[in-house]
Structures are given as C-alpha cells and as structure tokens.
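These notes concern the structure reproduced below.
Values quoted throughout were computed directly from the atomic coordinates according to the rules given, and no laboratory measurement underlies them. Computed from a predicted model, the values in this text were never measured in an experiment. Backbone-built Cβ (ideal geometry, glycine too); neighbour counts: all protein chains shown.
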Amino acid sequence: MRNLNHLKYGIADYWYAKVITMFSKNNLRVYSVYPSLMLYQHNANIHWYFGGNRGKYNHPVFNFIVEGNFEGNQYIEELFKDKIDTLRLQNVTLLKVPEFKFDDVHKKPLLCNPGN
C-alpha cells in the first residue's frame with residue numbers, strides 16, 4: 001500500500017491494524033482501537049499511541065481510519081463530522097480524517113485543530 005494522500009498513522013480494529021502494520025513496505029503504522037475508538041492495548045505498547053519521545057515512531061499524529069468493522073460508526077461521524085474523505089484501495093476502505101492525537105487520560109482521539 002503506497003503512502004497515498006500523506007497518510008501518517010492510522011487506526012483500525014485489531015486484525016486490520018496488525019496485518020497492515022506488519023506487512024507495510026512503507027512503514028505505515030496502524031494501531032488497534034475498539035469501536036468506541038478507545039485504545040485496544042492487547043499486544044500493543046502504550047507509547048505507540050502517545051509517543052513520549054520513545055522509539056522510532058515517537059510523535060504519532062493520526063490522520064486515517066481503516067473502515068473495516070467501523071462502517072457506520074457513530075463515534076467517527078460525531079468526531080470528524082463532514083470532514084471525512086473516503087479512499088478505496090483494492091479491498092480496503094480508508095477514511096482520511098483531520099489530524100488527531102490520543103488523550104492519555106481518556107484514551108480517546110482528540111482533534112489537533114478542532115476549529116478547522
């Protein structure tokens with residue numbers, strides 16, 4: 001999968017996240033979340049989501065979601081409203097969304113620029 005449209009870090013359900021990250025030839029990082037978009041920390045390092053100046057991928061700013069099992073997810077629609085661009089690649093649908101980071105207290109996404 002090419003780094004289309006300046007994709008940075010993404011989120012998906014566990015199976016999509018695991019496979020895309022493992023087999024990406026372009027170091028694309030996709031991390032697991034629950035349907036509520038809260039972190040899914042099984043087989044994950046908490047620093048992947050928040051950075052904390054650790055490791056190679058130390059300042060994650062997310063900007064896409066692998067739709068997969070999230071189709072019609074109300075949390076995604078509420079957070080990103082009408083700022084979602086749909087990209088279809090073979091058998092995967094990506095939702096390009098405004099940049100967000102994870103809140104380390106509530107473990108949920110927060111928009112980087114909520115006014116835009």
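Computed quantities for the displayed model
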item: Fluctuation leader among Asn58, Asn26, Asn69 - the chain, Gaussian network, Cα springs under 10 angstrom; result: Asn26
item: Segment Asn26-Asn91, extension gain: residue separation times 0.36 nm, minus the distance between their alpha carbons; result: 21.6 nm
item: Calculated [θ] (222 nm, deg cm²/dmol) that DSSP helices of n ≥ 4 give over the chain, each run adding -39,500 (n - 2.57); result: -5000 deg cm²/dmol
item: Selected from Val97, Val19, Val105 as most flexible by GNM, with the chain as the system and alpha-carbon contacts under 10 Å; result: Val105
item: Test item: Cα-centred dipole of the stretch 4-111, Lys/Arg +1 and Asp/Glu -1 on Cβ, debye; result: 480
item: Contour minus Cα-Cα distance for Leu111 and Lys8 (0.36 nm per residue); result: 35.6 nm
item: Sparse-neighbour loop sites [trypsin sites (Lys or Arg not before Pro); the stretch 20-59; at most 14 other C-beta within 10 Å; DSSP]; result: Lys25, Arg54, Lys56
item: Selected from Asp82, Asp104, Asp13 as most flexible by GNM, with the chain as the system and alpha-carbon contacts under 10 Å; result: Asp82
item: The chain, relative contact order [Cα under 8 Å, separation at least 6], %; result: 24
item: Förster-model FRET efficiency, 25 Å R0, His42 and Tyr75, C-beta, rounded to 0.05; result: 0.80
